[in-house]
Amino acid sequence: MFDFTPTPGISRREAYAELAAAARALTADEPDGVANMANLAALIWHWLPDLNWAGFYRVQESGLVLGPFIGKPACIRIALGQGVCGTAAKRGETQLVPDVHAFPGHIACDGASRSELVVPVRHGGAVIAVIDLDSPLPARFDATDAEGIEALAAAISPAIAG
Ligand code: SME
């Protein structure tokens with residue numbers, strides 16, 4: 001049984017360190033990558049405030065394919081280089097988007113989304129997935145969030161590769 005909230009009163013950096021530790025613990029004994037992504041999406045959803053979508057797109061030969069998530073039903077396939085997720089996956093770089101309407105090619109899966117953070121997950125030298133977080137608030141995510149989710153991506157990479 002896990003407590004799905006950070007310790008009250010700690011800094012956001014400390015909360016992200018706790019999130020990575022919780023994610024490691026949650027996935028430690030499970031080799032199934034889909035099961036782990038499902039639990040991780042739920043963990044992120046309960047950990048971070050002001051999200052309307054949290055989940056994974058997996059990199060396949062054809063491009064990005066929707067993985068486990070919490071939120072409204074979303075576009076299933078995204079070409080590499082398309083939208084915020086495809087850009088993050090193709091470049092292998094985090095995309096921090098304070099205003100999704102200002103991002104050329106942004107793909108609107110939920111019309112309520114105003115800002116977005118997409119972080120590549122690397123394994124064995126390749127991008128195998130992206131973590132996608134959407135918020136109904138403008139500029140919901142900053143550099144602390146980007147660093148925190150990048151640390152989370154590194155922590156959970158082996159657990160979702162299977
Ligand atoms: N907005 C994303 C698409 C995925 S949804 O937000 C869940 C994009 O532009 O790639």
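The values are calculated or read from the model by the stated rules, or taken from the named source; none is laboratory data. Not measured: the values here are computed from a predicted model. FYI the Cβ positions are ideal-geometry reconstructions off the backbone, even for glycines, and counts take in every protein chain you see. Quick note on the areas: whole protein, heavy atoms, side chains included, nothing else; ligands and nucleic acids left out. Shrake-Rupley method; radii C 1.70, N 1.55, O 1.52, S 1.80 Å.
Using a cut-off of 13 Å between beta-carbons, work out the net charge of the residues near Lys72 (Lys and Arg +1, Asp and Glu -1, Lys72 not included). Local charge sum for Lys72: -3.
Of the peptides 139-150, 70-81, the order by per-residue mean of other Cβ atoms within 10 Å, starting with the highest, comes out as 139-150, 70-81. Each peptide in 101-107, 57-63, 131-137 was scored by the mean count of other Cβ atoms within 10 Å over its residues; highest first, the order is 131-137, 57-63, 101-107.
Accessible surface calculations at 1.4 Å, restricted to protein heavy atoms, place the chain at 48 Å² per residue.
Taking only the Cα atoms of segment 109-149, the ratio Rg/Rh comes out at 1.06, with Rh defined as the Kirkwood radius.
In the chain, the ratio of gyration radius to Kirkwood radius, Rg to Rh, stands at 0.93 when only Cα atoms are counted. Working from label points 7 Å from Cα in the Cα-to-Cβ sense, the Cys75 to Ala161 distance is 2.9 nm. Between the alpha-carbon centres of segment 1-57 and segment 77-116 there is a gap of 22 Å.
Between Asp50 and Val65, residue separation times 0.36 nm minus the direct Cα-Cα distance comes to 2.9 nm. Would you work out what percent of the accessible area of segment 71-162, with all protein chains in place, is carbon or sulfur (probe 1.4 Å)? Solvent-exposed carbon and sulfur of segment 71-162 make up 55 percent of the total.
Amide H contacts of Gly63: none lie under 5 Å away among residues 5 or more positions distant or on a separate chain (H built 1.01 Å from N in the peptide plane; Pro and chain starts excluded). FRET efficiency for the Asp110 to Ala28 pair, using the beta carbon distance and R₀ = 35 Å, is estimated at 0.65. Stretched out straight at 0.36 nm per residue, the stretch from Phe103 to Ile10 would grow longer than its current Cα-Cα span by 30.2 nm. When only Cα pairs below 8 angstrom with a gap of at least 6 residues are kept, the chain shows a relative contact order of 25 percent.
For segment 1-63, carbon and sulfur atoms together expose 55% of the accessible surface, with a 1.4 angstrom probe and every protein chain in place.
In terms of its C-alpha gyration tensor, segment 13-64 comes out oblate, because a/c is 1.5 or above while a/b does not outweigh b/c.
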